[in-house]
2 protein chains.
Amino acid sequence: MSSIGIVTPQAYRFTEPLALQSGANIFDYTLMVETYGTLNADKSNAVLVCHALNASHHVAGYYADQPKNIGWWDNMVGPGKSLDTDKFFVIGVNNLGSCFGSTGPMHTNPATGKPYGADFPVVTVEDWVNAQARLADVMGIQQFAAVMGGSLGGMQALAWSIMYPDRLRHCVVIASTPKLSAQNIAFNDVARQAILTDPDFHGGDFYAHNVVPRNGLRVARMIGHITYLSNDDMAEKFGRELKTGEYQFGFGVDFEIESYLRYQGDKFSDYFDANTYLLITKALDYFDPARAFGGDLSKALANTKAKFFLASFSTDWRFSPERSREIVQALVENKRTVSYAEIDAPHGHDAFLLEDERYLNLVAAYYARIAKELA
Amino acid sequence: MSSIGIVTPQAYRFTEPLALQSGANIFDYTLMVETYGTLNADKSNAVLVCHALNASHHVAGYYADQPKNIGWWDNMVGPGKSLDTDKFFVIGVNNLGSCFGSTGPMHTNPATGKPYGADFPVVTVEDWVNAQARLADVMGIQQFAAVMGGSLGGMQALAWSIMYPDRLRHCVVIASTPKLSAQNIAFNDVARQAILTDPDFHGGDFYAHNVVPRNGLRVARMIGHITYLSNDDMAEKFGRELKTGEYQFGFGVDFEIESYLRYQGDKFSDYFDANTYLLITKALDYFDPARAFGGDLSKALANTKAKFFLASFSTDWRFSPERSREIVQALVENKRTVSYAEIDAPHGHDAFLLEDERYLNLVAAYYARIAKELA
């Protein structure tokens with residue numbers, strides 16, 4: 001159960017073009033936003049929570065007409081929770097190109113009067129951060145108490161610390177990485193290929209054909225899902241359990257793990273936009289703040305001013321603890337204040353979204369410190 | 001270069017039906033076979049080499065009209081090599097259901113006069129071993145000096161030791177596992193789903209439509225390929241190298257790893273049969289000799305009589321060293337003679353096919369011992 005209760009998203013419209021890293025612009029866009037808690041008088045208690053691949057601005061609480069649609073980080077954000085909304089004003093924002101209300105490929109391209117589809121520009125983590133900074137301007141927030149995120153959300157928090165060093169006091173980066181590995185990119189590209197080669201994709205303009213590249217999306221999600229779970233966790237949860245207890249000697253479902261993955265794939269293809277999947281995985285692939293500094297992450301982080309909290313999970317093989325340690329190392333080289341926790345948890349990359357007392361307590365302790373600074 | 005030189009495959013036809021584990025039968029089938037070296041007078045120096053997913057009977061040498069088509073284990077098998085064809089008579093056999101000449105889904109189903117397609121029965125590792133045993137009968141080989149294989153080939157060797165304990169003196173199992181994990185099955189099932197949902201698959205009867213489910217096969221191979229390479233090896237070989245040096249801000253090729261994987265997928269979809277891919281991954285999934293013994297591998301191996309050699313590779317995350325150790329442990333519990341080598345190699349699962357002096361020397365030493373036993 002959510003302790004935030006009923007929430008209502010708000011749409012913020014921006015009519016000033018946003019210049020993107022690719023050289024393209026987005027004109028006249030909307031960001032969907034949710035907030036929890038109360039902004040204090042000096043506007044110093046705001047925390048921006050950035051989302052990962054398939055999440056959104058709906059971080060906590062539920063909608064009046066959808067009581068089961070609980071925010072993706074509801075176990076983290078709420079009154080008395082780790083990110084305590086009795087003390088902090090928490091903001092969730094759906095990123096550009098996503099499919100949960102902010103301007104994305106399924107919306108009308110003002111230049112053509114038709115859905116963007118393949119014409120929606122490729123967006124980067126840095127583009128999202130620029131859009132979030134404009135939102136902060138409109139909300140009158142000059143400096144966040146913290147910017148926080150897990151996985152791709154952690155990349156956004158890290159980018160904030162580099163691009164807007166004066167606009168966040170703390171940077172909270174969970175289960176993330178300073179850049180994708182070749183293996184990470186490989187998994188993303190296979191998923192993209194599954195979508196791009198689905199005949200129902202129609203080069204990204206499937207909206208006009210009233211179809212959805214379901215098969216491609218389904219395979220993409222199944223691949224992704226394997227990388228979110230740990231090998232041990234999968235063994236523990238599913239092992240070689242058979243759906244009927246007997247081999248079927250066919251290509252239907254034999255094993256429970258097949259049933260589970262196909263279900264996840266089916267569910268995902270019902271609600272997620274294929275163009276968004278392509279865009280968000282590209283944003284993941286492109287993130288590499290050290291690239292502009294000859295690969296030197298330490299130099300990339302030289303102008304940061306925030307204090308940092310990082311956490312990683314022992315069985316996360318998507319973004320392993322080693323990847324978080326690279327960030328920690330580069331921050332230490334810059335003499336930044338860093339807290340780092342490596343949490344022994346069985347649930348792979350997904351652990352950052354799950355209940356884990358040690359993890360939630362560590363985050364709680366860190367935010368308690370931030371709250372004291374503000375008092 | 002091959003030191004075996006020119007080789008010629010032979011077709012062995014069997015007209016006695018083969019009863020399969022599923023309850024189905026295959027009537028009137030052909031096995032494609034290659035042999036290297038000379039069978040000695042008492043027929044005691046034969047070594048059966050079993051192949052993995054996309055390999056065949058073409059273990060070593062090349063074809064007169066295809067000088068570049070060198071056998072898949074040519075670095076292992078030949079005069080003076082680890083499996084020395086000056087001493088051993090080596091047999092490669094293409095498994096039933098494969099697509100390199102032995103009876104498979106693309107061949108005519110005698111019952112219908114049309115290609116088998118989806119009607120080709122599901123075959124298991126044990127079915128293959130039974131077919132191989134018939135081949136041995138025809139060749140007059142009562143007992144192999146060794147049965148050997150890597151990965152899925154290793155499963156066949158292990159099954160030989162269980163099913164025909166008197167018919168092999170040695171069992172050589174490389175980079176294999178006593179059963180797939182949930183994660184292994186998950187990867188296989190995603191690959192199968194990519195093929196099964198490709199509109200060009202036509203429920204397995206694509207031959208009649210003169211199409212091939214290329215997109216599905218391509219994605220399947222890309223997924224497989226990621227699991228054959230180690231994370232470190234991929235980082236070393238490809239890292240984040242860009243094809244053009246610059247981000248393209250589109251969905252073509254940005255990174256070298258994307259170019260490599262797409263190339264591998266394209267190449268594979270040119271020559272591999274989609275139904276075969278389904279069949280062989282199912283054989284992998286179903287292999288689990290301990291299943292009939294309540295999951296007790298030690299009991300499953302209780303009737304084995306062979307001596308065993310096993311090897312695994314440190315960076316193999318598909319079938320990790322831990323999986324080989326499970327087999328070793330169960331053999332030790334049965335007081336079998338076992339040699340086991342864990343080889344520190346960077347190339348992941350693919351290592352079993354690659355040049356690695358320590359590995360090839362260990363296998364050579366083991367076969368030298370077998371040769372002495374025979375002398």
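Among the numbered conditions (1) over 22 Å from the mean Cα position of the chain (by Cα); (2) within 14 Å of chain B (Cβ to nearest Cβ); (3) within 23 Å of A:ARG167 (Cβ to Cβ), tell me where A:THR337 comes up short.
A:THR337 satisfies every listed condition except (2).
Which condition from (1) out of contact with any helix residue (DSSP H, G or I) (no Cβ under 7 Å at 6 or more places or on another chain); (2) within 12 Å of chain A (Cβ to nearest Cβ); (3) surrounded by fewer than 18 Cβ atoms within 10 Å (Cβ to Cβ) is the one that B:ASP200 breaks?
The one condition B:ASP200 does not meet is (1).
Among the residues of the range B:11-24, how many are touching a Leu at 6+ places or on another chain (Cβ under 9 Å) and surrounded by fewer than 17 Cβ atoms within 10 Å (Cβ to Cβ)?
The qualifying residues number 3.
With the checklist (1) at pLDDT 95 or above; (2) under 16 Å from A:ASN95 (Cα atoms); (3) surrounded by fewer than 22 Cβ atoms within 10 Å (Cβ to Cβ) in hand, flag the one item A:ASP28 doesn't pass.
So A:ASP28 meets the others, but not (1).
Out of the residues in the range A:243-275 meeting the condition of being assigned to a loop (DSSP other than H, G, I, E, B), over 21 Å from the mean Cα position of the chain (by Cα) and touching a residue at least 12 places away in the same chain (Cβ under 8 Å), tell me which one is nearest to the other protein chains (Cβ to nearest Cβ). Full working, then the answer.
At the first step, the residues of the range A:243-275 found to be assigned to a loop (DSSP other than H, G, I, E, B) are A:243-254, A:272-273.
With over 21 Å from the mean Cα position of the chain (by Cα) added as a condition, the list becomes A:243-254.
Pick out the ones that are also touching a residue at least 12 places away in the same chain (Cβ under 8 Å) and you get A:243, A:254.
On the way: A:LYS243: 12, A:ASP254: 7 Å.
Across the range A:243-275, the extreme among qualifying residues is A:ASP254.
Go through the range A:46-84 and count every residue that is part of a strand (DSSP E or B) and either within 18 Å of the chain's Cα centre (by Cα) or surrounded by fewer than 24 Cβ atoms within 10 Å (Cβ to Cβ) (or both).
Initial filter on the range A:46-84 (part of a strand (DSSP E or B)): A:46-50, A:62-63, A:66, A:77-78, A:83-84.
Pick out the ones that are also either within 18 Å of the chain's Cα centre (by Cα) or surrounded by fewer than 24 Cβ atoms within 10 Å (Cβ to Cβ) (or both) and you get A:47-50, A:62-63, A:66, A:77, A:83-84.
Within the range A:46-84, residues that are part of a strand (DSSP E or B) and either within 18 Å of the chain's Cα centre (by Cα) or surrounded by fewer than 24 Cβ atoms within 10 Å (Cβ to Cβ) (or both) number 10.
Considering only residues of the range A:230-242 that are assigned to a helix (DSSP H, G or I) and more than 7 Å from chain B (Cβ to nearest Cβ), which is nearest to the chain's Cα centre (by Cα)?
Narrowing the range A:230-242 to residues assigned to a helix (DSSP H, G or I): A:231-237.
Adding the requirement that they be more than 7 Å from chain B (Cβ to nearest Cβ) leaves A:232-233, A:236-237.
Numbers: A:ASP232: 24, A:ASP233: 22, A:GLU236: 27, A:LYS237: 25 Å.
Top of the filtered list is A:ASP233.
If B:ILE223 satisfies every condition in (1) more than 9 Å from chain A (Cβ to nearest Cβ); (2) more than 24 Å from A:VAL125 (Cβ to Cβ) but one, which is the exception?
Unmet for B:ILE223, out of (1) more than 9 Å from chain A (Cβ to nearest Cβ); (2) more than 24 Å from A:VAL125 (Cβ to Cβ): (1).
Enumerate the pairs (first residue in the range B:209-232 and assigned by the TED database to the domain that holds B:LEU353; second residue anywhere and not in a helix (DSSP H, G or I)) with beta-carbon separation below 6 Å, excluding pairs fewer than 6 apart on the same chain, so at least 6 apart or on different chains.
none
Working carefully through the options A:THR124, A:THR108, A:THR103, A:THR30, find the one that is free of Cβ contacts under 8 Å to residues at least 12 places away in the same chain, farther than 30 Å from A:ALA371 by Cα and not aliphatic (A, V, I, L, M).
Details: A:THR124 fails: free of Cβ contacts under 8 Å to residues at least 12 places away in the same chain; A:THR103 fails: free of Cβ contacts under 8 Å to residues at least 12 places away in the same chain; A:THR30 fails: free of Cβ contacts under 8 Å to residues at least 12 places away in the same chain.
Residue meeting the stated conditions: A:THR108.
Could you count how many residues in the range B:215-240 are among the basic types (Lys, Arg) and closer than 13 Å to B:ALA194 by Cβ? Reasoning before the result, please.
Our first condition is that a residue be among the basic types (Lys, Arg); within the range B:215-240, this holds for B:218, B:221, B:237, B:240.
From what is left, the residues that are closer than 13 Å to B:ALA194 by Cβ are B:218, B:221.
Total satisfying the criteria: 2.
On the given criteria, is A:MET155 assigned by the TED database to the domain that holds A:SER56, under 30 Å from B:ASP233 (Cβ atoms), of a type outside the set (S, T, N, Q) and out of contact with any Asp or Glu (no Cβ under 6 Å at 6 or more places or on another chain)?
Working: assigned by the TED database to the domain that holds A:SER56: yes; under 30 Å from B:ASP233 (Cβ atoms): yes; of a type outside the set (S, T, N, Q): yes; out of contact with any Asp or Glu (no Cβ under 6 Å at 6 or more places or on another chain): yes.
So A:MET155 passes the test.
Condition first: surrounded by fewer than 22 Cβ atoms within 10 Å (Cβ to Cβ) and either basic (Lys, Arg) or more than 16 Å from B:ASP189 (Cα to Cα) (or both). Now tell me which residues in the range A:209-227 satisfy that.
Scanning the range A:209-227 gives A:HIS209, A:ASN210, A:VAL211, A:VAL212, A:ARG214.
Determine whether the range A:5-13 contains at least one residue that is in contact with a Phe, Trp or Tyr (Cβ under 7 Å, 6 or more places away or on another chain) and free of Cβ contacts under 8 Å to residues at least 60 places away in the same chain.
Checked the range A:5-13: at least one residue is in contact with a Phe, Trp or Tyr (Cβ under 7 Å, 6 or more places away or on another chain) and free of Cβ contacts under 8 Å to residues at least 60 places away in the same chain.
The values are calculated or read from the model by the stated rules, or taken from the named source; none is laboratory data. Just so it is clear, the structure is predicted and the values come from calculations on it, not from any experiment. Neighbour counts are summed over all protein chains in view; Cβ atoms, including those assigned to glycine, are modelled from backbone coordinates with ideal geometry.
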